[in-house]
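In what follows, a structure is listed as structure tokens, so that the remarks can point back to it.
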């Protein structure tokens, strides 16, 4: 399976992502053709590219220049622009999903609804060009699965339609929090991850480095100059398949299970420990009722984790429970590809998690928390909202067989 990994040591923005795609072999004229098909206002945009050096590393800098754009678009306006473009259906679907996720984040921040939100900067022409361009570029490079590294977030301030805002931008934080995105301290102050960069990864990527045969690297540069190389790198390659005769699971790297048996701790203390383990990076945590020596009832706590988190998570078990020791052993797993899509119901929009095997959608499940919040907001019985959402989710299984896995100045979008 063709796949890619986006390495973001200096963050990500829309134009940096475009630079990665163009540098990886997507023709600049193809990007221009995509934007032309959107039928944007005449002479309202110009796209160029140049080779630049960032810390001694050559990269492609894509310029997306637009005329002053005072239009405050709603989600429906952006969706109409995308739908009217001469684009493949899956590109339209991806782009609409990205903007829907962005609208949901903005609505949360401003106490509004996705349909009523004014997009301001992120609804401007350059953001539309960036988002549709990235979706089209991934399609043309035949990327079926996208991974991404942890994102560097730094302090500072940026200007917006509402005046100065703290960094990371509120929309950026909301988008990354919604998908449990991993973050790391930035190498310095400034806006390294923009809202457009954040929403692209929140919707299109899974924050994991896949096992792959590396074929090609595309380097995209940001406009700003820092004390470090301001660039991102798109690794392109093929999935490492361990057994061609297996069904469509995606093999992951080695993981570990950390576990311990406890027979002398109050039951009410287990939930806080489980929550802390998950917040600290555990992939999954579960408990099992067991019987220990002398027939004493007990509980086994099991933690699935990346090997790099083993020491940290083991220390939590030792500190936060009554155990005197933990066991650790390696495991491997096969996982289905996952993606998120937003569906419409009579009560409002709901996110749906799609399950794919080798590009084919084989299952879809409505997000329960979305249904719960929507039921409360509309004063509708939760079973009715969930049933409507699940019906819309099930329809996607046959309608859309190939969705993506499922995130200052020139770098703002």
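In this structure, residue 101 qualifies as modelled with pLDDT of 85 or more, in contact with a strand residue (DSSP E or B) (Cβ under 8 Å, 6 or more places away or on another chain), outside the structural domain of residue 349 (by TED's automatic domain parsing) and surrounded by 18 or more Cβ atoms within 10 Å (Cβ to Cβ).
Selection of region 47-93 for residues being assigned to a helix (DSSP H, G or I), modelled with pLDDT under 90 and buried (at least 18 other Cβ atoms within 10 Å of the Cβ) yields 75, 93. Being part of a helix (DSSP H, G or I), at pLDDT 85 or above and closer than 24 Å to residue 91 by Cα holds for only one residue in 394, 349, and it is 394.
Looking only at residues of region 285-311 that are within 21 Å of residue 265 (Cα to Cα) and within 30 Å of the chain's Cα centre (by Cα), we find that the one that is surrounded by the fewest Cβ atoms within 10 Å (Cβ to Cβ) is 286.
Scanning region 155-191 for residues that are exposed (fewer than 13 other Cβ atoms within 10 Å of the Cβ) and on the phi > 0 side of the Ramachandran plot gives 163, 180.
The values are calculated or read from the model by the stated rules, or taken from the named source; none is laboratory data. All figures in this text were calculated on a predicted structure; none of them were measured in a lab. Reconstructed Cβ throughout: ideal geometry from the backbone, glycine too, with neighbour counts over all protein chains shown.
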